[in-house]
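The values are calculated or read from the model by the stated rules, or taken from the named source; none is laboratory data. Just so it is clear, the model here is predicted, and its values are computed rather than measured. Every residue, glycine as well, gets a Cβ built from its backbone with ideal geometry; the counts of neighbours run over all protein chains shown. Areas reflect the complete protein model, heavy atoms only, side chains present, ligands, DNA and RNA absent. Shrake-Rupley method; radii C 1.70, N 1.55, O 1.52, S 1.80 Å.
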Amino acid sequence: MAKALALDSNLILLFAVGRAEQGLVSRHKRLSVFNDEDYRLLAGYLLNSRKVVATPNALTEAVNLASYGQSEPSLSRIMASLKSLINQVEEVFVPSRKASEHEDFFRLGLTDCAWLSLLDSDTDLLTMDRELYATATRRGFNAVNFHHVRAGQGHE
């Protein structure tokens with residue numbers, strides 16, 4: 001059986017923007033390292049997951065990043081796509097108190113420590129964050145760096 005997949009904030013945003021409007025990924029200021037092919041690669045990757053999980057922290061970050069440098073009508077399309085995605089993912093709450101007690105809190109911050117607090121053998125992490133990826137794998141969790149996925153597809 002496929003595992004659950006936890007997505008970091010940047011990948012949540014990439015997926016939502018890619019779904020919102022073709023060609024918008026390369027024009028979104030917070031997604032300058034991505035292109036439309038990256039969106040398609042991510043969408044294909046998500047198809048192999050049993051479910052997608054997200055923390056309120058990651059969803060909040062994605063929503064906050066979404067509006068950066070955007071104007072109408074694209075902004076409304078992105079926000080509608082994010083709303084749809086929020087309704088489709090399984091949201092897992094990790095209390096900030098618990099996440100802040102994580103030994104990597106000072107280095108990684110609240111959102112990343114929330115991820116580290118909820119990962120288990122049934123949940124893989126897909127991230128662009130090299131530090132989060134390295135920490136998760138060092139701790140024995142299944143994590144995939146999207147940079148590596150892209151490299152396997154002839155990207156960066």
*Net charge of Cβ neighbours under 11 Å - reference residue 135; Lys, Arg +1; Asp, Glu -1*: -1
*Per DSSP H run of at least 4 residues, take -39500 (n - 2.57); add these up for the chain, divide by its residues and hand me the 222 nm value, nearest 500 deg cm²/dmol.*
-15500 deg cm²/dmol
*How about the stretch 1-87: which GluC sites (Glu not before Pro) there lie in a loop by DSSP and see at most 15 other Cβ atoms within 10 Å?*
21
*aspartates and glutamates within cross-link reach of residue 83: Cα-Cα under 15 Å, excluding same-chain residues under 8 positions apart?*
21, 61, 91
*Measuring with a 1.4 Å probe in the full set of protein chains, what accessible area per residue, in whole Å², belongs to the stretch 1-69?*
44
*At 0.36 nm per residue, minus the direct Cα-Cα distance, what do residue 98 and residue 50 gain on full extension? Give it in nm, one decimal, please.*
14.6 nm
*asked:* Under a Cβ-only charge scheme (Lys and Arg +1, Asp and Glu -1), can you give me the dipole magnitude of the stretch 1-109 about the Cα centre, in debye to the nearest 20?
replied: 160
*Just the accessible area for residue 105, please: 1.4 Å probe, Å², rounded to the nearest 10?*
60
*With springs only between Cα atoms under 10 Å, which of 14, 108, 59 fluctuates most in a Gaussian network model of the chain?*
108
_Percent accessible area from carbon and sulfur atoms, the stretch 47-156, protein chains only, probe 1.4 Å_ = 49
*To the nearest 10 square angstrom, how much accessible area does residue 147 have with a 1.4 angstrom probe?*
30
*Express in whole angstrom the spacing between the alpha-carbon centres of the stretch 5-31 and the stretch 81-108.*
18
*Please work out how much accessible surface residue 138 shows to a 1.4 Å probe, ignoring ligands, DNA and RNA, in Å² rounded to 10.*
150
